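Single-structure report; data block below.
The values are calculated or read from the model by the stated rules, or taken from the named source; none is laboratory data. This structure is a prediction, so every number in the text was calculated from the model and none was measured. Positions of Cβ are backbone-derived with ideal geometry, glycine not excepted, and every protein chain shown enters the neighbour counts.
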Amino acid sequence: MNGPLDPPRGVWWKPAHRAEKVWVGVAFGWCMVLFAMMPLWHVRGGQNPAGERARVNPQAYLARTLEFIEEYKVGEASGIAIVEPPPGSDVYLLSRMWSWMPVLRLRKDVEYTLHLSSIDVNHGFSMMPGNVNFQVVPGYDYALKMRPNESGEYRILCNEFCGIGHHMMVGRIIVVDDDEAPLEPDVTTAVGGAP
Ligand code: CUA
């Protein structure tokens with residue numbers, strides 16, 4: 001009879017078997033490898049953005065984006081302005097419930113500074129195809145250095161739940177080859193009315 005007050009049966013108090021010691025050693029070693037990978041990947045992984053975050057007033061960011069759109073607008077698609085900024089310039093992308101503004105038309109192999117911010121709640125910038133992900137936070141302007149290295153059309157999906165229209169929040173970035181002619185500015189639909 002082995003009651004609750006009797007010592008347990010078996011040989012559990014004997015020293016650990018060699019295989020068990022080896023197993024604990026291997027597990028501990030692997031923990032150390034993973035532990036070392038964290039700082040190593042931070043330096044060598046190449047996935048950390050060379051961006052700068054700065055505080056920004058959401059209304060000031062909206063005004064700056066509208067100014068940017070007015071200056072470089074070349075067309076419109078489903079009510080969203082298409083903007084073609086000069087190569088190498090600062091480009092502005094604004095997120096809000098539930099759209100991205102404007103549609104950017106960029107040149108391949110040219111470095112831009114992409115400003116990202118939101119004027120209401122947190123959104124997620126997720127560029128497809130590819131694997132580019134950023135948090136878009138109201139009150140902060142994320143100035144991200146980017147150099148598109150493949151032409152084509154990219155979708156920007158919101159990957160941070162932001163309300164009832166979250167799933168419809170899709171934007172666009174168009175990357176064209178360097179020798180492609182710029183689109184003619186579309187004065188009739190320019191924001192604020194061009195002269
Ligand atoms: Cu914006 Cu989800």
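Given the residues Ala77, Ala60, which is the only one that is more than 16 Å from the ligand (Cβ to nearest atom), within 30 Å of Val121 (Cβ to Cβ), more than 20 Å from the chain's Cα centre (by Cα) and without any contact (Cβ under 8 Å) to a residue 24 or more places away in the chain?
Every option except Ala60 fails the conditions.
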Among the residues in segment 142-162, are any at pLDDT 90 or above, assigned to a loop (DSSP other than H, G, I, E, B) and β-branched (Val, Ile, Thr)? no
Considering only segment 95-111, I want to know if a residue exists there that is among the hydroxyl-bearing types (Ser, Thr, Tyr) and either more than 16 Å from the chain's Cα centre (by Cα) or more than 16 Å from the ligand (Cβ to nearest atom) (or both). no
Breaking point among (1) out of contact with any Pro (no Cβ under 6 Å at 6 or more places or on another chain); (2) more than 13 Å from Ala143 (Cα to Cα), for Ala81: (1)
Which of the numbered conditions does Leu94 fail, given that it passes all the others? Conditions: (1) buried (at least 18 other Cβ atoms within 10 Å of the Cβ); (2) within 19 Å of Glu52 (Cα to Cα); (3) out of contact with any Pro (no Cβ under 9 Å at 6 or more places or on another chain). (3)
When (1) on the phi < 0 side of the Ramachandran plot; (2) at pLDDT 90 or above are applied to His42, the one that fails is (2)
Scan segment 113-120 and give yes if some residue there is surrounded by fewer than 16 Cβ atoms within 10 Å (Cβ to Cβ) and either within 12 Å of the ligand (Cβ to nearest atom) or not hydroxyl-bearing (Ser, Thr, Tyr) (or both), otherwise no. yes
